[in-house]
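What follows is one structure encoded as structure tokens, with my remarks underneath.
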Amino acid sequence: MDYTSVIAKQIAAIPRSGIRDFFELVQGRDDVISLGVGEPDFATPWHIREAAIYSLEKGQTSYTSNLGLLSLRKAIAKYVSGFFHVDYQAEKEILVTVGVSEAIDLALRALINPGDEVIYHEPCYVSYSPSIVMAYGKPVSVVTKKEDGFSLKPEALAAAITPRTRVLMLNFPTNPTGACAAKEDLEGIAKLCIEHDLIVMSDEIYSELRYDEEEHVSIASLPGMRERTILLHGFSKAFAMTGFRLGYACAPQPIIEAMMKIHQYAMLCAPIMSQNAALEALENGGPAMEKMRASYHQRRDFMVKRLNEIGMDCHSPGGAFYVFPDISKFGLSSKEFAMQLLEQQNVAAVPGTAFGASGEGFLRCCYATAFDDLKIAMDRMEKFVANL
Ligand code: PLP
């Protein structure tokens, strides 16, 4: 059978994730230190795992409300109010989803009419452009620059807005660069969104993982923005809960209602065991999260120092758990650099181009890896660079 005519054109046109392709090469190789996959090296804190076990023990194994357990939504409302300084009603303005991944998909499908333009800043998380395409939108990237710390500047955004622009996707701290947005830049961006009547999807999944003085600011908390922002957050990163698959969206009720319609037919609800675990994370997970954050902070400082020492020009990212060194001076493409590093020194890092064409000349290294392994990886990278 000729399957080329079986698969929808829309889907056939989407490339596979560059991260997956690269990591298939790593499978089965011994002694590889991976700085590749973007997930915490910590197991989920024990008391949170226990909450999932108790859920099973107590026979809490059913569906929940499509929106998620009300007790969890109340805890989310309290947490979001304290951390992001924005208030949402637990009953109708919060939707619990299967990771931020599902929330991104729902938000785009709820908002986009075919051909609408969606702006996002690049380099960016691998799913953004394909998710826009799958929602029949037109992805429009705005390239962020190393000299701006990879933050989105209002002037660059202004230049990309057209009469067809409907949505702006933001992600600070950013995967893969660790960039954080300054409050003044967010204010400039907010002004443009109000002027051009744009809806903002703000993916703040790394917002607890900040290492410098400034406090995290959500664009949803700026004047006039709550009504036009979908705040996306989840448990995967800060609470080390990737496998629980739990996230949430906070937005005005008509938007949550539209997202919920898709969610109820496509997913029904997020798993109840994960929801019970998430409730425990919000109620008692603060100290464990702070310990993990402090450990990432130490590792960030180590990585930035070592990379610069060995001649790999690396800005100090304010958040997330990635560094994004500039490798352009070595005369290899990002992919060649990553492949040769893997072949010669058994260190796996992701070519910057996996995060968009503007990632050429960069490498993403995830430092959510044991400190001892990071030290070995940096020694190996030093040898690799010295031989180039
Ligand atoms: N958004 C960003 C920016 C990410 O980096 C990731 C995962 O790496 C996700 C969303 C997906 O998160 P979740 O595990 O909640 O689906």
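Residue-by-condition table, conditions (1) away from the ligand (no atom under 16 Å from the Cβ); (2) assigned to a helix (DSSP H, G or I):
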{"site": "Ala77", "(1), (2)": "yes, yes"}
{"site": "Glu91", "(1), (2)": "yes, no"}
{"site": "Leu95", "(1), (2)": "no, no"}
{"site": "Glu102", "(1), (2)": "no, yes"}
{"site": "His121", "(1), (2)": "no, no"}
{"site": "Leu157", "(1), (2)": "yes, yes"}
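Scanning the stretch 40-61 for residues that are among the hydrophobic types (A, V, I, L, M, F, W, C) and either closer than 21 Å to Ala294 by Cβ or surrounded by 15 or more Cβ atoms within 10 Å (Cβ to Cβ) (or both) turns up Phe42, Ala43, Trp46, Ile48, Ala51, Ala52.
Among the listed residues Ile189, Ile194, Ile230, which satisfies the condition of being over 30 Å from Gln298 (Cβ atoms), within 15 Å of the ligand (Cβ to nearest atom) and not in a loop (DSSP other than H, G, I, E, B)? I'd like the intermediate steps shown before the answer.
Working: Ile189 fails: within 15 Å of the ligand (Cβ to nearest atom); Ile194 fails: within 15 Å of the ligand (Cβ to nearest atom).
That would be Ile230, the only listed residue that is over 30 Å from Gln298 (Cβ atoms), within 15 Å of the ligand (Cβ to nearest atom) and not in a loop (DSSP other than H, G, I, E, B).
Taking Cys193 as the residue in question, decide whether it is in contact with a strand residue (DSSP E or B) (Cβ under 8 Å, 6 or more places away or on another chain), buried (at least 21 other Cβ atoms within 10 Å of the Cβ) and in contact (Cβ under 8 Å) with a residue 60 or more places away in the chain.
No; evaluated as a whole, the condition is false for this residue.
Of all residues in the stretch 92-112, those that are in the same structural domain as Asn66 (by TED's automatic domain parsing) have Cβ atoms under 6 Å from Cβ atoms of residues that are within 12 Å of the ligand (Cβ to nearest atom) and assigned to a helix (DSSP H, G or I), 6 or more apart or on another chain, in Thr97/Ala103; Ile104/Ser131; Asp105/Ser131; Leu108/Ser131. The set of residues from the stretch 326-377 being in contact with a helix residue (DSSP H, G or I) (Cβ under 8 Å, 6 or more places away or on another chain) and acidic (Asp, Glu) comprises Asp326, Glu360. Here Tyr125 passes the criteria (1) surrounded by fewer than 21 Cβ atoms within 10 Å (Cβ to Cβ); (2) within 16 Å of the ligand (Cβ to nearest atom); (3) in a loop (DSSP other than H, G, I, E, B) except the one numbered (1). Annotation note: Cβ proximity below 6 Å between a residue of the stretch 27-48 that is among the aromatic types (Phe, Trp, Tyr) and a residue that is in a loop (DSSP other than H, G, I, E, B) and modelled with pLDDT of 90 or more (sequence gap 6+ or interchain) occurs for Phe42/Ala240. Scoring Glu208 on the criteria (1) part of a loop (DSSP other than H, G, I, E, B); (2) free of Cβ contacts under 8 Å to residues at least 60 places away in the same chain; (3) away from the ligand (no atom under 11 Å from the Cβ); (4) farther than 26 Å from Lys138 by Cβ leaves a single failure, condition (2). For the stretch 167-184, the tally of residues that are away from the ligand (no atom under 16 Å from the Cβ) and surrounded by 19 or more Cβ atoms within 10 Å (Cβ to Cβ) stands at 0. On the stretch given as the stretch 104-119, residues that are within 15 Å of the ligand (Cβ to nearest atom) and at pLDDT below 95 total 0. Given Tyr296, Tyr248, which one is in contact with a Phe, Trp or Tyr (Cβ under 6 Å, 6 or more places away or on another chain), touching a residue at least 60 places away in the same chain (Cβ under 8 Å) and within 16 Å of the ligand (Cβ to nearest atom)? Result of the check over Tyr296, Tyr248: Tyr296.
The values are calculated or read from the model by the stated rules, or taken from the named source; none is laboratory data. Given the structure is predicted, the values throughout are model-derived calculations rather than measurements. Note that we place each Cβ from the backbone using ideal geometry, even for glycine, and neighbour counts take in every protein chain shown.
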